[in-house]
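Just so you know, all these numbers are worked out from the coordinates, no wet-lab data involved. The structure displayed is predicted, hence computed values, not measured ones. In this analysis, Cβ positions are derived from the backbone assuming ideal geometry, glycine residues included, and neighbour counts consider all displayed protein chains.
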Amino acid sequence: MCGIVGLFLKNKALEPQLGSMLGKMLSVMSDRGPDSAGFAIYGAGDADHIKLTLRSGNGSRLDDLPTQMAGQFGLVVPSSVHASHLVVTLPRSNEAEARAWLAANRPDVHVVGVGTRMELYKEVGLPSDVVKRFALAKQGGTHGIGHTRMATESAVTTDGAHPFSTGPDQCLVHNGSLSNHNSVRRVLEHDGLRFETENDSEVAAAYLTWRMRRGASIEDALKASLADLDGFYTFVVGTESGFAVLRDPISCKPAVMAETDDYVAFGSEYRALVDLPNIANAHVFEPEPATVYAWKHS
C-alpha cells in the first residue's frame, strides 16, 4: 500500500495554488496510507541562506526557539510555526553552528529537512488531518511531493513517516519495500552517512544523496539504484530544481502521471489527479519500468 503524489508546476501563475492542489491529491490517497503523512514544498529561497525545518519530538513549544537562536545565528525573521514544526532561515555559513547548538541545548528538537528552498512536514494521523494541521493549502511554490503511509517495515511514528531527507533540498517518498536495505545501510554508514530510523525508505534516500555527493545527477543516481537496490518500489524524489520518478523493473506498484502545458503530476492512482485543472486534456500515462522521468526548472 502507501500512496505517493507529486506536482511540478510549469506555469508560474499556479505557484500560489501549489499547496492547495497538492493537499487535495494527498487527501485522496488517505485510504492507501492512513497511519501518517508528510510532504515537502519547494518555495522561495536564495543561495546565501538556508532553511531548517525543525520538529518537536515531545510536544514541547517551538515558538520560543527563534528568540533563543536569533542573537547567535542571524535568523531571518519572521520564522514560521506550523503545528509541531518550525521553519527558521539563517545564513548558510551558520548551519553547522546552529545544529550543534540545537543538539546541546534543545535535544527535544529534530531537524527534519534542510535546504535553500525545501520545507518538509510530516506527522502521524490521517493524511487529510495532516494536510489541515500544517495548513498546506496556504503554501505556495514551484513543486512538491507527498506520501501517505501504511507501515510495513517499521513502527508508526513521525520519524518513520515520509518524506525522508538525507541531503540539502533532497527528499524521497517511496511505495514498496527494499530487501537489501540493511546491507546498503552498512555501506553508506561506513562512508559517513547517518540514519535516524530503521526504515528502508531512509536508506533509499541516503543512497541517492551518496551518489549525488559523488557528482551524479539525480537521473544518474536513480539509474544506478536499479543495480544496487533490490525490491519492489516506486520512488518520487524532490530536488531544489525539480522532481523525478522511478519504478523498479517489475513495476508491481501502481503509478500514473499526467502532463499539460501547466504542470506534471504523479499519483499512485488516477483518482489523485482528477481535481487538477484541465486534467481532461492532459497526456495521461503509466511510467515505464526501470525508466527515469525527471523535470527541472532552469
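Considering only alpha-carbon pairs that sit under 8 angstrom and 6 or more positions apart, the relative contact order computed for segment 1-119 is 33 percent.
Taking other C-beta atoms within 10 Å as the exposure proxy, Tyr270, Tyr293 rank Tyr270, Tyr293 from fewest upward. Listed by chain and number, the lysines whose alpha-carbon sits under 21 Å from that of Lys132, ignoring those within fewer than 8 places in the same chain, are Lys24, Lys122.
Taking amide H as placed 1.01 Å from N in the peptide plane, Gly113 has its amide H under 5 Å from the amide H of Thr53, each at least 5 places away in sequence or on another chain. Computed 3J(HN,Hα) for segment 262-271, one whole-Hz value per residue from the Karplus formula 6.51 cos²θ - 1.76 cosθ + 1.60 where θ = phi - 60°, is 9, 6, 10, 10, 10, x, 5, 9, 4, 4, glycine and proline marked x. Please work out which option in (1) 180; (2) 154; (3) 120 gives volume of the Cα convex hull per residue in Å³ calculated from these coordinates, and answer with its label. Here volume of the Cα convex hull per residue in Å³ agrees with entry (3).
By the count of other C-beta atoms within 10 Å, a proxy for reagent exposure, Asp35, Asp48, Asp129, Asp200 are ordered fewest to most as Asp48, Asp129, Asp35, Asp200. Where a Cα-Cα gap under 16 Å defines reach, which lysines qualify for Lys296, not counting those fewer than 8 residues away within the same chain? In chain and number order, the partners are Lys10, Lys12. Remark: segment 1-127 is approximated by an ellipsoid whose semi-axes, taken from the C-alpha gyration tensor as √(5λ), come to 28, 19, 11 Å, largest first.
Once you have the Cα-Cα distance between Ser60 and Thr157, take 0.36 nm times their residue separation minus that, and quote the gain in nm to one decimal.
Numbers: separation 97, 0.36 × 97 = 34.92 nm, distance 1.68 nm.
So the extension gain works out to 33.2 nm.
Farthest towards the positive end of the charge dipole of the chain, among the residues Tyr42, Cys2, Phe266, is the Cα of Tyr42, using unit charges on the Cβ of Lys, Arg, Asp and Glu. Each Cα pair under 8 Å and six or more residues apart adds its sequence gap; the mean of these over the residue count of segment 207-282 is a relative contact order of 18 percent.
Within a 10 angstrom radius of the beta carbon, how do Lys51, Lys138 rank from fewest other beta carbons to most? Before the final figure, lay out each step's value.
Working: Lys51 26, Lys138 11.
Placing the least packed residue first, the sequence is Lys138, Lys51.
Per the Debye calculation on segment 108-255 with a single equal scatterer at every Cα and no solvent contribution, log₁₀ I(q)/I(0) for q = 0.09, 0.10, 0.11, 0.13 Å⁻¹ amounts to -0.26, -0.32, -0.39, -0.56. When you restrict to C-alpha pairs under 8 Å that are six or more residues apart and normalise by the size of segment 153-203, the relative contact order lands at 44 percent.
In debye, nearest 20, what is the charge dipole magnitude of the chain about its Cα centre with +1 on Lys and Arg Cβ and -1 on Asp and Glu Cβ, if you could check? Display every interim value, and only then the final one.
Working: 27 positive and 35 negative charges, 63 e Å.
Here the chain has a charge dipole of around 300 debye.
Once whole DSSP H runs in the chain are found, which of them have Cα atoms spread over 18 Å or more along the helix axis and a mean Kyte-Doolittle score of at least -1.0?
Numbers: long enough: 200-213 (20 Å, -0.31).
Qualifying helices, which must be both long enough and hydrophobic enough, are 200-213.
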